[in-house]
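The values are calculated or read from the model by the stated rules, or taken from the named source; none is laboratory data. Bear in mind the structure is a predicted one, so any value in this text is a computation, not a measurement. Don't worry about glycine lacking a Cβ; one is built from the backbone with ideal geometry, like all the others, and counts go over all protein chains shown. Protein only, heavy atoms only, side chains kept; ligands, DNA and RNA dropped before computing areas. Shrake-Rupley method; radii C 1.70, N 1.55, O 1.52, S 1.80 Å.
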Amino acid sequence: MNRNDLFNIAQNWFTDQNWQPFPFQKDTWTAFLQGKHGLLNAPTGSGKTYALWVPVILDYMKKNPDLSKHKPGLKAIWITPLRALSVEIKQAAERLVEGLGVPFEVAIRSGDTSAAERAKQARKMPDLLITTPESLQLLLASKDYPTTFKNCSAIIVDEWHELLGTKRGVQMELGLSRLKAVAPNLRIWGISATIGNLEQARQVLLGPDSEALENSVLIKAVLYKKINVVSIIPTKMESYPWRGHMGFHLIDDVARIIKESRTTLVFTNVRSACELWYQRLLDRYPEFAGEIAMHHGSIDRDVRIWVENAIRDEQLKAVVCTSSLDLGVDFAPVETIIQIGGPKGVARFMQRAGRSNHRPGKESLIYFLATHAIELVEASALKKAVENGVVEDRIPYLNSWDVLVQYLNTLAISDGFFPDEIFAEVKSTFCYQAMSREDFQWILNFIVHGSQSLQAYDEYKKVEIQENGLYKITKRSIATQHRMSIGTIVSDAVMQVKFMSGGFIGSIEEWFISKLKPGDVFQFAGKQLELYRVKNMQVLVRKATRKPTRFASWMGGRLALSAQMSELLRQELYAANHEKMSPELKAMAPVFKRQRRESIVPDANEFLIETFKTREGFHAIFYPFEGRFVHEAMASLLAYRISLLEPITFSLAYNDYGFELLSDKEIDMQSVIDNNLFTPEYLHQDLQTSLNSTEMARRKFRDIAVIAGMVFTGYPGKIVKAKHLQSSTQLLFEVFRDYEPDNLLLQQAYRETFEHQLEEGRLIQAMERINAQEIVWKICEKPTPFSFPIITDRLREKLSSETLADRIAKMTASYMKGIE
């Protein structure tokens, strides 16, 4: 069969579905059938699944014209980062193989797969396997895995942009490096949404300087999809904006949009906001009961699947959700998207917008609801970004030694490995391209001897070197614990929430439950629950009749502005000083008017500092507009440098727009300006001193120790408590710091603290930008509109939401007095 014959087969099948293949799909089929590797850049809902399932099947038909002589065994693997996507991908593959008459078995293997199904797959692998990065590693941990993979002709990594820039992506790089060696005819393909560094994404997927990269293509789906962004602008604009009400004053607008649309997804950035919005909508509009639902990662899986099916079948009018529905789950009927609050990144916003009318060529409609006035600047910036197709880069990890330790242990519990062979494979990946032989030898010593300072403890000696030089784990207990620990997603210990009468509700973090006592009522998964008792990491509850005193919340939930979004935000803010303004900026006229009365709206060449005094003390507010992570580092850095000029202590507050230094004595701001405290020189040393980087690295080391298998998080139902896990990893951290400072895992903890948590690179660029701007210091009589969200964010940490609302109402009334 030649290529034209194969294309005709595919074309006829598409015609039977009343479809027409897109040029990018045909380009992908051609490249695949030519034996090429590649990266397909295609948005959600564009038909990307069939762009790669089709050539996999056609390639098999070409090599096996007599389909009655079917050879069982694994032919292709589809990697998806989200288990929720697996069912859709499986259905697409089954529809295709059935239509083409190919006797392929399609199966899923993930954390949700039953033990019986896994055992069946171990005896006889399906032809097409849909799995996750973690489950792929588990397959590499099984005996005689090369035989399983040797005839595999393709591996497709879906949503590659989501894996890139994470340790799951590194895990994938390592897995691919091994599969290249054991499956000689393997073609590697990735599918990615639009990101700023697509060429680099292809390099990371295929390996820099590899034969696969040389024999590869980057195919872009040129599909015009109009995204219509509509800001929900309040009729009355507050002059003093604050984040506290979370946009609830616009709840009637949200309800109106839900009623006018067939189906709506309401996106929040964090799970706690998801819980709150769902409950507020039901409280105000009881008629929504049974018509709206909630979806986030901590809700029971069966409930999530029911919600996904119900919105697809239009049994629900709306779902309040988080990023758990960001990716490609196919919701064809969803008409409208509402984004609550700034999504903090262009790519995330466009991904969510793409969920609306999730079909090629259909216009997407997304409403942006600002939770306070200044977020309207973000809305205006996002509109321009969508129009111009501007998206962020995804920065890949380098030298993730913890993931390498886990990977080598994985190979050691299957058939074992020879170091020279694996060194060459690992060094061929993007992440470890700069790894020296000495680095690799250190890792080998670590898995065999437990590192230099832990040689006296047998539990860290996992791998044995056999006579032929094979590195192998032979102890069953070590192998069992390792298989249960495979993965790079480390979160706080979670506890299962169950009704006393039976019935699983979901999972919640240990720290939240630790703040409750029996009898307390809390809201979770849309239910009012009363805590009865905590037993064996299970939270036993019963339905409550009283109103909840608190809503479930999760650690580390708040997102920070991306570098791209920060730049767009600044440009949009500078536009407020010019006549040509967007509707969002025009709506902010009362805010800008009050801001200019008290201070200024900075221009492109200006960096604004405001100082004023209240009963709390002396406030100094700085406005870099760089995102909260950068501001956290910059606030500490500046506070430290000021303290070198004069003895002074500060309390710090920061948000995405700026940061505050609050003290009981006045800062000599002219001295700050004259002494050039914004210089990027000596930044790393000053940052280390000012931030207690050791404490931050200690927290980062906890995750590294878990991934590297130095601590075991527990068996199912017997999970190690977070405080015990923390104390174990702290002890290891201190041993390495005091006795083995060149330990690669210890050094990695410090490096990740500066590069990923504090975003040191962005901080340096921000300081350089500020250095080149004119510093404008305004001495104000009272807090300004721009400063208000920062001040109220600090109060939020101390006060309940009701007390906070009362306090802010009084503050606003006080600041407005005598001005209107």
Next on the checklist: Show the residue pairs meeting these rules: Cβ distance below 8 Å; 6+ apart or different chains; first residue within segment 736-751 and touching a residue at least 60 places away in the same chain (Cβ under 8 Å); second residue among the β-branched types (Val, Ile, Thr) and open to solvent by less than 80 Å² (accessible area, probe 1.4 Å).
Outcome noted: LEU744/ILE443; LEU745/VAL405; LEU745/ILE704; GLN748/ILE704
Next on the checklist: The conditions are (1) in contact with a Lys or Arg (Cβ under 9 Å, 6 or more places away or on another chain); (2) open to solvent by less than 20 Å² (accessible area, probe 1.4 Å); (3) touching a residue at least 24 places away in the same chain (Cβ under 8 Å), and LEU96 fails exactly one of them. Which is it?
Outcome noted: (1)
Checklist outcome for this item: LEU136: passes all of (1) of a type in the set (A, V, I, L, M, F, W, C); (2) surrounded by 18 or more Cβ atoms within 10 Å (Cβ to Cβ); (3) part of a helix (DSSP H, G or I); (4) out of contact with any Gly (no Cβ under 6 Å at 6 or more places or on another chain) but (4)
Checklist outcome for this item: Per the filter on segment 139-174, residues under 23 Å from TYR397 (Cβ atoms), of a type outside the set (Gly, Ala, Ser) and not in a helix (DSSP H, G or I) are ILE155, ILE156, VAL157, ASP158, GLU159, LEU164, THR166
Item to check | Selection within segment 355-398 - open to solvent by 10 Å² or more (accessible area, probe 1.4 Å), in a loop (DSSP other than H, G, I, E, B) and out of contact with any helix residue (DSSP H, G or I) (no Cβ under 7 Å at 6 or more places or on another chain) | outcome: ASN357, ARG359, PRO360, GLY361, LYS362, GLU363, THR371, GLY389, ASP393, ILE395, LEU398
Next on the checklist: Considering only segment 28-43, I want to know if a residue exists there that is touching a Gly at 6+ places or on another chain (Cβ under 8 Å), closer than 30 Å to LEU164 by Cβ and at pLDDT below 95.
Outcome noted: yes
Item to check | Contacts under 6 angstrom Cβ, first residue in segment 2-26 being over 24 Å from GLY38 (Cα atoms), partner open to solvent by 40 Å² or more (accessible area, probe 1.4 Å), 6 or more apart | outcome: TRP13/GLY99
Checklist entry - Yes or no: PHE786 at pLDDT 90 or above, open to solvent by less than 20 Å² (accessible area, probe 1.4 Å) and over 21 Å from GLN481 (Cα atoms)? => result yes
Checklist entry - Which is closer than 29 Å to LEU559 by Cβ, crowded, with 20+ Cβ neighbours inside 10 Å and at pLDDT 85 or above, of PHE754, PHE736? => result PHE754
Next on the checklist: Just to check your reading of the model, which residue among THR474, THR480 is open to solvent by 40 Å² or more (accessible area, probe 1.4 Å), under 29 Å from MET172 (Cα atoms) and part of a loop (DSSP other than H, G, I, E, B)?
Outcome noted: THR474
Next on the checklist: Could you tell me how many of the residues in segment 492-522 are open to solvent by less than 70 Å² (accessible area, probe 1.4 Å), small (Gly, Ala, Ser) and within 30 Å of the chain's Cα centre (by Cα)?
Outcome noted: 4
Checklist entry - Given the structure, is THR649 surrounded by fewer than 23 Cβ atoms within 10 Å (Cβ to Cβ), among the β-branched types (Val, Ile, Thr) and without any contact (Cβ under 8 Å) to a residue 60 or more places away in the chain? => result yes
Next on the checklist: Going by what's in this entry, would TYR640 be described as open to solvent by 10 Å² or more (accessible area, probe 1.4 Å) and closer than 19 Å to GLU567 by Cα?
Outcome noted: no
Checklist outcome for this item: Per the filter on segment 660-685, residues more than 18 Å from ARG762 (Cβ to Cβ) and open to solvent by less than 40 Å² (accessible area, probe 1.4 Å) are GLU660, LEU661, LEU662, SER663, ILE667, MET669, SER671, VAL672, LEU677
Next on the checklist: Looking at the structure I just gave you, is ASP66 part of a helix (DSSP H, G or I) and open to solvent by 30 Å² or more (accessible area, probe 1.4 Å)?
Outcome noted: no
